[in-house]
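Throughout, read-outs are computed from the coordinates displayed, never taken from laboratory work. Quantities reported herein were computed from a predicted structural model and do not represent experimental measurements. With ideal geometry, Cβ positions are generated from the backbone for all residues, glycine too; neighbour counts draw on all protein chains shown.
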2 protein chains.
Amino acid sequence: MKTSPHSKAQSAAPENPLDRLVALLKPDLLAVNALILQRMQSEIPLIPELAGHLIAAGGKRIRPLLTLASAALFGYQGTRQHKLSACVEFIHTATLLHDDVVDASDQRRGRSSANALFGNEAAVLVGDFLFSRSFQLMVEDGSLDVLRILSNASAVIAEGEVLQLSTANNLETTEAQYLQVIRSKTAELFAAACEVGAIIAGRPAAECQAMRDYGMNLGIAFQISDDVLDYAASEKRLGKSVGDDFKEGKMTLPVIRAIAKANAAERNFWNRCMTGSGQKDTDFSEALALLRKYNTLEASLTEARRYAELGIKALTGLPNHPLRQHLQDLIIFAVERDY
Amino acid sequence: MKTSPHSKAQSAAPENPLDRLVALLKPDLLAVNALILQRMQSEIPLIPELAGHLIAAGGKRIRPLLTLASAALFGYQGTRQHKLSACVEFIHTATLLHDDVVDASDQRRGRSSANALFGNEAAVLVGDFLFSRSFQLMVEDGSLDVLRILSNASAVIAEGEVLQLSTANNLETTEAQYLQVIRSKTAELFAAACEVGAIIAGRPAAECQAMRDYGMNLGIAFQISDDVLDYAASEKRLGKSVGDDFKEGKMTLPVIRAIAKANAAERNFWNRCMTGSGQKDTDFSEALALLRKYNTLEASLTEARRYAELGIKALTGLPNHPLRQHLQDLIIFAVERDY
């Protein structure tokens, strides 16, 4: 394939803050990836096979990246961040595997997820293995502070996932409940990933807390934006699949706000679509029209921007290091990205 | 209800070694149960509701009992064994919840398990919560040795469960694979539960290892006996449900040995029944007849007795304490029980 004037040169600077961080921390990320591949091994072949399906697929590696960036920002000189980044990614992967388990009575999702390829039982058990392996790695590292942070995060994530189950298909879900769900299931691990970097650098409590606050707000902003993109992405960039949350009746911020303003007919529409009483092909564009009518996609992004501001404020409590600017760019990108 | 000469008086000594251990360690067990109830709480109501379904149902509490007995045998005087017994039971409960998750493509089991009542997703996520909570409690306790033992056990359990998935419905399963499965999925946690008691008592490595060896052999003997009872229990005591393993095509020791000796017609029978190509109502008694023909139930118990002997031998490495005799009685009871 010939290069055109519009094609990116190999040496061009990465175009977004996430890719710039990846480039900056490349040697660390390679070490983390090697550790992940090495420590997901087991003499039971199905384990690396299934785990590899998810892990080798790549993904953004944003959580381990946060641990690496945090350690680097605090000038940490050792290599503990590699193992602990792998821990964070294993916990995330276990969560993904368990999150995808389909209720036997409800098989509407048609994705080629690990559970679809290998079965629910295998996906659950390999998730358990990765989760246990993560704690084995933390024990090898030997810090009770890290073990406390990541065991707390794991418990909070599970609570958030259970709460999300209770709010799905429930039209009465409040904005406060939505925020509790995303704070728990997403932001808590972002916060922990950041905090761990500060802990191993031996920083004072205030800086550990500031780094944690940054991660928490990044996670919230990131998840709100994700929930907006599940409705709006196709408008901005082709190829992104949209409508998954709608199909599953997930009560996300744009929908909660549109329901709060709905008239009787609209409420009937949401009731039919979100509570699983059957959706028609035209329903998604109808839903999108209602979100536009009440401007709730933009209002949700405004909310996400508010959390991004809080995250940027938290960064001011950290040492003045070039990575601080990268983390600031990242939190803005988390909100403004179009994919 | 009047007491007859045959009814048990309230004050009579418990009739079996397990009940005798329970009676002996009653105050400790009550403390553990209180901790379990307290620490399975969450502000997300579904979590204690679902966890309580399994935990409040009671169960034998044999694993926490082992930690309590081990600590007491070594003369440990503190209270750390209560929290760590709760950890062990939480890990076991999480495993049970995940073990019961039904593959969407295979809903043959008809039990009223937690996943049947609350759905697969909830059972998985509450299992994750209990698992995380267990590690939180270990961190509170603060021993990296305990964390190492129980995170290793958790990883090995998950590996055993995955291996069991691969051997189910597989007529080629070997005795070595069967032993690896039960060693991992059952005996490893028995071993860890015992070892933890020795660790908190600060005993030398040889005694910790001896206590661990006892638990490992107890777990193996217990599981082989369990697998025999799944075919033989009804003959000994009415009311015990049998045949679950057969219905699920689980390759347990009595079946593996009968298949090894099967003629062509019998092999066809096992092939049809164990690989899920459909079972008839009369198949279970046919299977039982084949196990009797080759005497594999008794041969399996002989194997279990061999492990019990190894466990008893391990006990000789422990301090001379009355509990040592109770543990010896328990391992014999694990094999010879009829329910």
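Details
- Across chain A, the longest run free of exposed loop sites, meaning GluC sites (Glu not before Pro) lying outside DSSP classes H, G, I, E and B with no more than 14 other Cβ atoms within 10 Å, spans A:173-339.
- Relative to one another, the C-alpha centroids of the range A:289-304 and the range A:267-283 are positioned 19 Å apart.
- Amide H contacts for residue B:275 (H built 1.01 Å from N in the peptide plane; partners 5 or more residues away or on another chain; cut-off under 5 Å): none found.
- Scattering curve values for the range A:165-236, log₁₀ I(q)/I(0), Debye with Cα scatterers, q = 0.12, 0.22, 0.23 Å⁻¹: -0.43, -0.92, -0.96
- Helix axis angle, B:80-99 relative to chain B longest principal axis, alpha carbon, degrees: 20 degrees
- Compactness ratio for the range A:47-90: Cα radius of gyration over 2.2 N^0.38 Å (N = residue count) comes to 1.31.
- Residue-averaged beta-carbon neighbours from other chains (10 angstrom radius) around B:200-208: 0
- Residues residue A:77 and residue A:170, FRET efficiency given R0 of 45 Å [Cβ-Cβ distance, rounded to 0.05]: 0.35
- Neighbour-count ranking [beta-carbon atoms within 10 angstrom, fewest first] of A:306, B:337: A:306, B:337
- Choice from B:222, B:118, B:246 showing the highest fluctuation, given a GNM over chain B with Cα pairs closer than 10 Å: B:118
- For the protein assembly as shown, the spread of Cα positions along each principal axis, largest first, Å: 87, 63, 56
- Under 16 Å from residue A:83, Cα to Cα: aspartates and glutamates that are on another chain or at least 8 residues apart: A:28, A:140, A:141, A:145, A:195
- Ordering B:185, B:247 by the number of other Cβ atoms within 10 Å of each residue's own Cβ, fewest first, gives B:247, B:185.
- Integer Hz, Karplus 6.51/-1.76/1.60 couplings in order for the range B:191-201, x for Gly and Pro: 4, 5, 4, 5, 4, 4, x, 5, 4, 5, 7
- Based on the reciprocal of the average 1/r between different C-alpha atoms, the Kirkwood radius for chain A equals 21.1 Å.
- Residues B:184, A:285, sorted so that the one with the fewest Cβ neighbours within 10 Å comes first: A:285, B:184
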